[in-house]
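Shown next, in structure tokens, is the structure this report addresses.
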Amino acid sequence: VTLSGFGGAGKTRVAIAACEVLAGTERDPVVFVDLAAVTDPALVVPSVAAATGVPDHAHLPLAESVAQHYANRRPLFVLDNCEHLVDECARLVDDLLAGFGQLHVLTTSRQALRIAGETVYRLPALPVPAPGSVRSACDLAGYDGVELFAQRAGISDVAGLTPEEAEALATVCASVDGLPLALELAAARARVLSLPELATMLTEMLADRLDVLAGGPRTARPQHRTLRACVQWSYELLDPPEQALLRSLSVVAGTCDLPAVAALCPGEPVSGIAALDQVDELVSRSLLVTERLPTGTRYRMLDTIRHFAAGLLAEDPVEYATAHRRHAEHHAWLAEHLDARLRSSQLEHVLARMTVEHDNLRAAMSWLLGEGADPTAALRMAHALWEYCYLRGHYREGRQWLEDALRAAEGATPNADLLPALGAALDGAAALAHYECDYGESSDLGERALVLYRELGDPRGAANALNRLGSVERELTNYEQSCRLHGDALDLCQQVDDEWGIGNCLQLLGFACWLAGEPEAGHGWAAKALRQLTGVGDKERIGWTLLDLGAIAYYTGDEDAADGHLDTARQLFGEIGFKEGLAWADNLLALVDLRRGDLEVALERLDSAVRLHHELSDLWRLASVLEALASLASRLDLPSACADLLGMAIAERRTIGAPVPWCERPMFEQTKSWLGTRPTQWEGPVALTVVAEHLASMAARLRG
């Protein structure tokens, strides 16, 4: 049996504990062999022989001597700290077990011996609270890492810690990855620092973290007295190629997959098989942690290891720049590769994959916009990420990437690569500005994109730009102009037989029509869109089309059909985690509930919708939900709530310059009429606390 994992002190303690539990008898003796101080492989056999009391005869193999010495007994040999002598230890253990069947061996090593019959137990880091999850001392209960730290730091009453101290203790434990040795070294520093001071030092002094964690017992092995010495010990056991890869992998943000490892391997590009061999070596030595996710196998480096490797990488400017450039190039390629598959039946899987890669994508964008200074690559990557940001609700971050990339490209010399990337980035920036209800900016960017796409002779790009402009006009209630722009985009998509583009244009035409109060025309477009998009398989666009059909059914008085379409749309949006779609579906389903008199259900749905739209900063739709809530408040005879909610909606519409959609005006006017002369003035943005208070009063009224 091999106990494996990072941090020799933890494995040694487990091994010693096992010896204490087994105790040993004359019949079944337990023998502990400490190999930490042995540096010469030739001394392994003599060291084991000496510890076990077995004569080390030059003419007789140790396995035979062991068999003779322990005849009719069943000994357990514990070989501690084998990682620096793993080859010699593997040969010795294999010989011992082959020559004496009654023998059992327990080894501790950061690397498995890889011999027949070996069972490996990987000792994980101790459980610690997730960063930011602790609000009081009660949240620290049940974590072994916290218990070890508290014992070594002399904290007798964890439950008595203040909230600030409890949060700091959790930060300390998380910052050292729950490693037993690191926790003990951090606890030693708690003798001279308060918990908040220690937490600050470990999180803000990243370059010095390894040196902060020092002060181990004088009697401890050298590699256990400081965290830096412990990590250095493991690093020096690697061959030069693995050392170089470990340094390069320090640029990874979070986790990565095998293709990313292959991209980061120093020297000439390597295949996945070659990278797999090196990854296997690092994983076997517990310097990389394997994680199995639905999207595939990922590799993660403990923060402690990463800070050490990053420090070494920074010492060589060329190696540092090469690693960051390769990381950025790989993830820029990955962003474009995944973006090309978003508008298909693979949407759900692709979104999950991009979500897993989010930290790496962010790091790559930062490099391209900063030290890497590659305007064309930054434009292409920012554009490749805008739709992912839209679908995941990261409007602000995606928009910032695009703005920064466009700014970086301002002084660049136009060329055949830059201009298409510039058009795409303008288009993406126009889309995200529209989703944040910045209509003036969206129109300006959309017009610039349209001009550039026409100059480049790109009909698909021009269609996208026309649709951006049409969407802005729709929300400004210029429905005729909106339909004209979407119609022009449809013509272009039909010219190039763009199946997804055709379905998208049809959906947008249906959307504009029902908002304009023309449900019959909207139904015709939406029905065609559904047939077209079903063949493409894009759940997001199909969901929008079903939402259109549900809204049309509601406005034409068919509540059952509305319910069916909207429920299916909500299900599709839920499968891909699309917050805006979920909020829209809840909003429209609540209107159906209100008409049926299911006021409690309507209130729950509107509560969900208002929070999601507020989170997304979708002020246009947030105003519509507030108007629906105001209508519900009027039905419950709550004038104060009605006035505040309607006042917030009016203020938001004034801020973004978007009137009430035509189809929603009857409800809006009815609510205003009910209020009569009661003022609906509201200053400032929507206050969720006030909304929550009114929701509570409405819920109380419904409960009677």
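Using heavy atoms of the protein chains and a probe of 1.4 Å, the accessible area assigned to residue 70 is about 10 Å². Using a probe of 1.4 Å, the accessible surface attributed to residue 34 totals some 70 Å² when neighbouring protein chains are kept in position. Think of each Lys and Arg Cβ as +1 and each Asp and Glu Cβ as -1; about the Cα centre, that makes the dipole of the chain roughly 1000 debye.
Highest mean packing comes first when the peptides 490-502, 526-538, 677-689 are listed by Cβ atoms within 10 Å, giving 526-538, 490-502, 677-689. Remark: the range 452-515 carries 36 Å² of accessible area per residue (probe radius 1.4 Å; ligands, DNA and RNA excluded). Quick check: the angle from helix 499-515's long axis to the longest principal axis of the chain, C-alpha only, nearest 10 degrees? It is inclined by approximately 50 degrees. Ordering 85, 131, 100 by Cα displacement along the dipole of the range 65-143 toward the positive end leaves 131 in first place; charges were set at the Cβ atoms of Lys, Arg (+1) and Asp, Glu (-1).
Counting Lys and Arg as +1 and Asp and Glu as -1 over every other residue whose Cβ lies under 11 Å from the Cβ of residue 519, the net charge comes to -4.
For the chain, carbon and sulfur atoms together expose 52% of the accessible surface, with a 1.4 angstrom probe and every protein chain in place. For the chain, the relative contact order is 7 percent, taking Cα pairs closer than 8 Å that sit 6 or more residues apart in sequence and dividing their mean separation by the residue count. Around residue 135, under 15 Å between beta carbons, what's the net of Lys plus Arg minus Asp minus Glu among the other residues? Charge balance near residue 135 sits at -4.
Around the Cα centre of the range 577-701, unit charges on the Cβ atoms of Lys, Arg, Asp and Glu (plus for the first two, minus for the last two) sum to a dipole of about 300 debye.
The length gained on full extension between residue 635 and residue 316, counted as 0.36 nm times the residue separation minus their Cα-Cα distance, comes to 107.8 nm. For the residues 343, 191, a 1.4 Å probe over the protein chains yields an accessible-area ranking, largest first, of 191, 343.
Here's the picture: charge each Lys and Arg Cβ at +1 and each Asp and Glu Cβ at -1 in the chain, and of 159, 409, 631 the one pushed furthest to the positive end of that dipole is 159. Only one of [x] 212; [y] 171; [z] 179 was calculated from the structure for volume of the Cα convex hull per residue in Å³, and its label is [x]. Couplings 3J(HN,Hα) of the range 414-423, computed from phi: x, 8, 5, 8, 5, 5, x, 5, 5, x Hz, in residue order, whole Hz [Karplus 6.51 cos²θ - 1.76 cosθ + 1.60, θ = phi - 60°; x for Gly and Pro]. Among residues other than residue 529 whose Cβ falls under 12 Å from its Cβ, what is the net charge (Lys/Arg +1, Asp/Glu -1)? Charge balance near residue 529 sits at 0.
Can you tell me the 0 to 90 degree angle between the C-alpha axis of helix 347-356 and the longest principal axis of the chain, rounded to 10? Around 50 degrees separate the two axes. Across the range 383-493, C-alpha contacts under 8 Å between residues 6 or more apart give a mean separation that, scaled by the residue count, equals a relative contact order of 21 percent. Please say if the range 279-430 is rounded, prolate or oblate, where rounded means a/c under 1.5 for a ≥ b ≥ c the square roots of the C-alpha gyration tensor eigenvalues, and otherwise the choice is prolate for a/b larger than b/c and oblate otherwise? Since a/c reaches 1.5 but b/c is at least a/b, the shape of the range 279-430 is classed as oblate. Along the axis of the charge dipole computed for the chain (Cβ charges of +1 for Lys and Arg, -1 for Asp and Glu, origin at the Cα centre), the listed residues 423, 642, 578 are led at the positive end by 642. A Cβ-based charge dipole, computed about the Cα centre of the range 409-457 with Lys and Arg at +1 and Asp and Glu at -1, lands at about 180 debye.
Solvent-accessible surface of the range 69-195, averaged per residue with a 1.4 angstrom probe and all protein chains in place: 45 square angstrom.
Of the residues 383, 69, 486, ranked by 1.4 Å probe accessible area with the largest first, the sequence reads 69, 383, 486. Checking every one of the chymotrypsin sites (Phe, Trp or Tyr not before Pro) in the range 434-472 against DSSP loop status and a limit of 16 other Cβ atoms within 10 Å picks out no site at all. Think of a 1.4 Å ball rolled over the protein heavy atoms: the range 274-379 then has 42 Å² of accessible area per residue.
Ranked by the mean number of other Cβ atoms within 10 Å per residue, highest first, peptides 268-277, 241-250, 111-120 order as 241-250, 111-120, 268-277. Axis of helix 439-456 versus longest Cα principal axis of the chain: the two differ by about 80°, to the nearest ten degrees. The 3J(HN,Hα) values that the Karplus relation (6.51, -1.76, 1.60; θ = phi - 60°) gives for the range 113-125 are, in residue order, 6, 6, 10, 4, x, 6, 10, 9, 10, 7, 8, x, 5 Hz. Gly and Pro appear as x.
The values are calculated or read from the model by the stated rules, or taken from the named source; none is laboratory data. This structure is a prediction, so every number in the text was calculated from the model and none was measured. Heads up, the Cβs are rebuilt from the backbone with ideal geometry, glycines too, and the neighbour counts pull from every protein chain shown. Heavy atoms of the whole protein, side chains included, go into the accessibility calculation; ligands, DNA and RNA do not. Shrake-Rupley method; radii C 1.70, N 1.55, O 1.52, S 1.80 Å.
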